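The values are calculated or read from the model by the stated rules, or taken from the named source; none is laboratory data. Computed from a predicted model, the values in this text were never measured in an experiment. FYI the Cβ positions are ideal-geometry reconstructions off the backbone, even for glycines, and counts take in every protein chain you see. Remember, those area values only see protein heavy atoms, side chains included, never the ligands or the DNA or RNA. Shrake-Rupley method; radii C 1.70, N 1.55, O 1.52, S 1.80 Å.
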Amino acid sequence: MATPLELLQQRHSVPSRQLGEPAPDEATLRDLLDAAIRVPDHGKLVPFRLIRLAGEAKLRFGERLAELAIRKQPELSEAKREKERLRYTFAPLVIAVVARFDDSSTVPEIEQRLCAGNVAYNILLGAYALGYGAQWLTGWAAYDPDVASLLGLAANEHVVAFVHLGTPQVEVPDRERPALADLLSTWAP
């Protein structure tokens, strides 16, 4: 069993194409998401919500995205069209993490967006801790108004992550990480 710091040091994303069944079962998923929503939330605004994409609905969502991508970018190569067609066929579960902005709040929008981003990261970290794989993806779909409409998002909502979840089908090597010495400085007056 990894210590909490080892868990943080070992966590890595698993490419969505390398995720398969099983996904977390319903009870495990609820526990994971209950833990994931425990994030810093300045103003207690709860500036996020989650949309589950699973089963046939997930596949239909992926088909609709592929249709939109091809319609919006008719010059896409056949390889990129195929990538769009297959994007939602690998991981058995996708959680869309949506930021909901409260414009009447004094809490800046960036803090509300970061709160939602923390939910997405907690899903990644929690999935890894439970022995699952996950990848946080955005791409064009996270920023497209037609996709927002497809998901039923309100004008004050924005996708911050499509978190693909499942079981790694292959061993995924970790990537090279930056050295802390290159990133940390000490401020002095």
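Per residue, the solvent-accessible area of segment 1-157 (1.4 Å probe, heavy atoms of protein chains only, all protein chains present) comes to 56 Å². In a fully extended conformation the segment linking ALA79 and HIS42 would gain 8.9 nm over its present Cα-Cα distance, using 0.36 nm per residue. Note on ALA129 and ASP103: the extension gain reaches 5.8 nm, defined as 0.36 nm multiplied by sequence separation minus the Cα-Cα distance.
Bridgeable aspartates and glutamates around LYS83 (alpha carbons under 16 Å apart, same-chain partners fewer than 8 residues away excluded): GLU63, GLU67, GLU75.
I need the peptides 46-53, 127-134, 106-113 ranked by packing, meaning the mean over residues of other C-beta atoms within 10 angstrom, with the highest value on top. Before the final figure, lay out each step's value.
Details: 46-53: 18.1, 127-134: 21.0, 106-113: 14.4.
Per-residue mean Cβ counts within 10 Å order the peptides as 127-134, 46-53, 106-113.
When each pair of different Cα atoms in the chain is counted once in the 1/r mean, what is the Kirkwood radius in angstroms, to one decimal?
Working: mean 1/r = 0.0556 Å⁻¹.
Evaluated on the chain, it is 18.0 Å.
With all protein chains present, how much of the accessible area of segment 36-167 (probe radius 1.4 Å) comes from carbon and sulfur, to the nearest whole percent? Answer for segment 36-167 is 54 percent, counting heavy atoms of protein chains only. Given their separation in residues at 0.36 nm each and the Cα-Cα distance between them, SER149 and ARG49 gain 34.5 nm when the chain is fully extended.
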